Amino acid sequence: ESKRIKHFYKLLDKYSDMTAEQLYDRYKFQCTALKKQFPLLMSGMWLDSENLKENDIVESVLKHGTLGIGFVGLAECLIGLTGKHHAESEKSQQLGLEIIKYLNNKVDGYKEKYNLNYSILATPAESMAHKACKKDRETYGEIEGITDKIYYTNSNHVPVWYKCTVEEKARIEAP
């Protein structure tokens, strides 16, 4: 395993831990809200919300929700780590699967630590994909295949500009 990949995993640990903690802090803050602040949502739309009184806090309802940790830019990540994205190289495809499995295991750890429903989400997040790419381009400059466009590729998708069949795309993205 290269130094670059080891460094990537250290950063992945740092930022996923930070994200999980931030989500927990937001959850704890939201739990202090009262049922009466959300008349529509607390009218039975959320599990057990109909059992709360108007001035009850909503923690017992929110515990059923999901704290999602999403990702964009797997293709660009793999280009940065290996020089090729997952549709261009079986080695990159395998590394991409390892990264997602690693992140999923981290998220399973957050479920245990916080006793809440943390989940990894392969997200389209177009706004985030654009903002992150723009910020990285400002910080690191234009990097071929990575920041030389206006957005990162959604989640684990094959880049839209890469020519392949629908069957190839599905075979690569599905795992």
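The values are calculated or read from the model by the stated rules, or taken from the named source; none is laboratory data. Since this is a predicted model, take the numbers as computed values, not measurements. All Cβ positions, glycine included, derive from the backbone under ideal geometry; neighbour counts span all protein chains shown. Just the protein is used for accessible areas: all its heavy atoms, side chains included, with ligands, DNA and RNA removed. Shrake-Rupley method; radii C 1.70, N 1.55, O 1.52, S 1.80 Å.
Any residue that is assigned to a loop (DSSP other than H, G, I, E, B) and closer than 16 Å to Leu78 by Cα - is there at least one of those in segment 126-134? There is no residue in segment 126-134 that is assigned to a loop (DSSP other than H, G, I, E, B) and closer than 16 Å to Leu78 by Cα. Listed by first and then second residue, the pairs with beta-carbon distance under 7 Å, at least 6 apart or on different chains, first residue in segment 1-14 and under 18 Å from Gly83 (Cβ atoms), second surrounded by 10 or more Cβ atoms within 10 Å (Cβ to Cβ) and among the aliphatic types (A, V, I, L, M), are Arg4/Leu81; Ile5/Leu81; Phe8/Leu81. Being out of contact with any Cys (no Cβ under 7 Å at 6 or more places or on another chain), surrounded by 20 or more Cβ atoms within 10 Å (Cβ to Cβ) and touching a residue at least 40 places away in the same chain (Cβ under 8 Å) is the requirement here; does Gly73 meet it? Criteria met by Gly73. When we screen Lys106, Lys35, Lys113, Lys63 for residues that are touching a Cys at 6+ places or on another chain (Cβ under 9 Å), surrounded by 12 or more Cβ atoms within 10 Å (Cβ to Cβ) and farther than 19 Å from Glu173 by Cβ, the only hit is Lys63. Take the residues in segment 145-174 that are in contact (Cβ under 8 Å) with a residue 60 or more places away in the chain and assigned to a helix (DSSP H, G or I); name whichever of them is nearest to the chain's Cα centre (by Cα). Once the filter is applied, the top-ranked residue is Ile172.
How about segment 82-104: which of its residues are outside any loop (DSSP other than H, G, I, E, B) and in contact with a Ser or Thr (Cβ under 7 Å, 6 or more places away or on another chain)? Within segment 82-104, Thr82, Lys91, Ser92, Leu95, Leu103 qualify. Pull up segment 116-135, narrow it to residues that are at pLDDT 95 or above and open to solvent by 50 Å² or more (accessible area, probe 1.4 Å), then point me to the one that is nearest to Leu62 (Cα to Cα). Across segment 116-135, the extreme among qualifying residues is Asn117.
Within segment 40-54, the residues that satisfy the criterion of being farther than 23 Å from Ser119 by Cα and open to solvent by 100 Å² or more (accessible area, probe 1.4 Å) are Leu40, Glu50, Asn51, Lys53, Glu54. There is at least one residue in segment 92-99 that is buried (at least 19 other Cβ atoms within 10 Å of the Cβ), hydroxyl-bearing (Ser, Thr, Tyr), at pLDDT 95 or above and farther than 30 Å from Glu59 by Cβ. Candidates Lys53, Lys101: the one that is without any contact (Cβ under 8 Å) to a residue 60 or more places away in the chain and under 30 Å from Thr147 (Cβ atoms) is Lys101.
Exactly one residue among Glu138, Glu142 is open to solvent by 40 Å² or more (accessible area, probe 1.4 Å) and not in a helix (DSSP H, G or I), and that residue is Glu142. For segment 56-73, state whether one or more residues are touching a Pro at 6+ places or on another chain (Cβ under 9 Å), hydrophobic (A, V, I, L, M, F, W, C) and in a helix (DSSP H, G or I). No, every residue in segment 56-73 fails to be touching a Pro at 6+ places or on another chain (Cβ under 9 Å), hydrophobic (A, V, I, L, M, F, W, C) and in a helix (DSSP H, G or I).
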